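Okay, structure first, notes after.
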Amino acid sequence: MLTDTAEKARGLANLPPVQSDSLLQLIALCNADQRPDKIDVGVGVWRDGAGNTPILRTIKAAEQRLVESQVTKSYLGSAGDKRFTELLRPILLGEHADDDRIAGLQTPGGCGALRLGFELIAAANPGSHVHFGAPTWPNHPPIIQSVGLECVEYPYYERGQGVIRFEDMIASLREAAPGDVALLHGCCHNPTGADLSDNQWREVANVVAERGLIPFIDIAYQGFGRGLDEDAFGVRLMLETCDEVVIAQSCDKNFSVYRDRVGSLWIKTGSAETTAKALAHVFQIARQMWSMPPDHGAAAVHIILDDPQLKNDWLQEVALMRDRINALRQRIASADPRLAFIGRQFGMFSMLPLSKEQVVRLRETHAIYMADSGRFNIVGLSDAQVDRFIAAVVEALGA
Ligand code: LMR
């Protein structure tokens, strides 16, 4: 007869199977495809005309300086590189950079900032609901749920017509309870590319303030849409309108340091004292998760932003990346009236009005890899691939 202990003993082998993240699955599928002409418009990385994701020349220069001048790799503490966050302040916060009610710290990428921010929300108000627009980045709901918060969807985008369901979004946010969180994409909406206009941001900010919601802004593509300042319009407006704001920021894309995981979390509360208290909680939570963020990428960004010449050069590199995205958007948009909406959107992604079956057929027949939702990375295309991609998509859309 089995003892009680034997009955209860469960090992790692008893773990249930996991449904792997759809984007990670897509990366694996694409990597395994041996066809030389495959087109990878799945994961969001910037590529140049030749189809490469080069290291920025400013990052190379900063890394060179690091090699030559870094004298220690001793610990920096939970906040990471404080000068890095200080230098990011004006870029992200603009006219709010001197507001001492806003504090930031370095995190492992934007994903780390999201998790940390939601951990803080859960610590402050475990009963709050997080309202997110449908569709959103597929990793948002699992991160929110992982801290025990409940997700509520608000309508965001009509895929067939390529437009934002703005009235539905506003009506839904009006139903949210005070203390709830409204998750918003700062710019370059992932997965739709459909950004709120400045006037729409104003209306959202009014509703968020009236309802007493906390805006939580995820900004991972600043500079890839209309410009660094223009892309931060929503962030800055929320800081102006609301007492409590949370911002998850990423440098992974605009410094092209994807694998180095460079991000930051920002918190605003009603006073410098309460922000300091909230930040102490953040440090404690970070300590339990990663203790201290990885240094290398943030150290390189720090060097760039601290040197006027390198910073200026980086601004040009960002402009070049943005210009390529927008030029590709216009080229695709002008190819067929059904793709015209792509020219009115921003950032790396847009969503094609294709069914999952059509997406799978594109994969099987044309070796084109995009997310099942129809999301594709515009700047995943090399110059040589654009026409073939457009022809295959037009064919899939039908006569
Ligand atoms: C994407 O959406 O493709 C990127 O943000 C990469 C990721 O981790 O999902």
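The values are calculated or read from the model by the stated rules, or taken from the named source; none is laboratory data. Just so we're clear, the structure is a prediction, and the values are computed from it rather than from any experiment. Using ideal geometry, Cβ is built from the backbone for each residue, glycine included, and neighbour counts are taken over all protein chains shown. For accessibility, only protein heavy atoms count, side chains too; no ligands or nucleic acids. Shrake-Rupley method; radii C 1.70, N 1.55, O 1.52, S 1.80 Å.
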Within the stretch 270-287, restricting to residues that are open to solvent by less than 10 Å² (accessible area, probe 1.4 Å) and β-branched (Val, Ile, Thr), the one that is farthest from the ligand (Cβ to nearest atom) is 275
Residue hits (the stretch 75-87; on the phi < 0 side of the Ramachandran plot and either open to solvent by less than 80 Å² (accessible area, probe 1.4 Å) or within 16 Å of the ligand (Cβ to nearest atom) (or both)) are 78, 79, 81, 84, 85, 87
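If a residue has to be within 16 Å of the ligand (Cβ to nearest atom) and basic (Lys, Arg) to count, how many in the stretch 211-227 make the cut? Quick ask: steps written out before the conclusion?
The first filter runs over the stretch 211-227 and keeps only residues within 16 Å of the ligand (Cβ to nearest atom), leaving 217-225.
If we keep only those that are basic (Lys, Arg) too, we end up with none.
So the count comes out to 0.
Within the stretch 21-51, which residues are more than 16 Å from the ligand (Cβ to nearest atom) and touching a residue at least 40 places away in the same chain (Cβ under 8 Å)? Steps first, please.
Initially, the stretch 21-51 is screened for residues more than 16 Å from the ligand (Cβ to nearest atom), giving 32-38, 48-51.
Those that are more than 16 Å from the ligand (Cβ to nearest atom) and touching a residue at least 40 places away in the same chain (Cβ under 8 Å): 33, 35, 37, 38, 48, 49, 50, 51.
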Quick count over the stretch 54-69, residues being surrounded by 13 or more Cβ atoms within 10 Å (Cβ to Cβ) and either polar (S, T, N, Q) or farther than 21 Å from residue 293 by Cβ (or both), is 4
Checked pairs for the stretch 311-326, first under 12 Å from residue 58 (Cβ atoms) and basic (Lys, Arg), second modelled with pLDDT of 95 or more and surrounded by 13 or more Cβ atoms within 10 Å (Cβ to Cβ), C-beta under 9 Å and 6 or more apart or across chains, list as 311/58; 311/87; 311/304; 311/305
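Okay, residues lined up against (1) of a type in the set (Phe, Trp, Tyr); (2) modelled with pLDDT of 95 or more; (3) open to solvent by 10 Å² or more (accessible area, probe 1.4 Å); (4) over 20 Å from residue 169 (Cα atoms):
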residue	(1), (2), (3), (4)
209	no, yes, yes, no
221	yes, yes, yes, yes
224	yes, yes, no, yes
228	no, yes, yes, yes
234	no, yes, no, no
244	no, yes, yes, yes
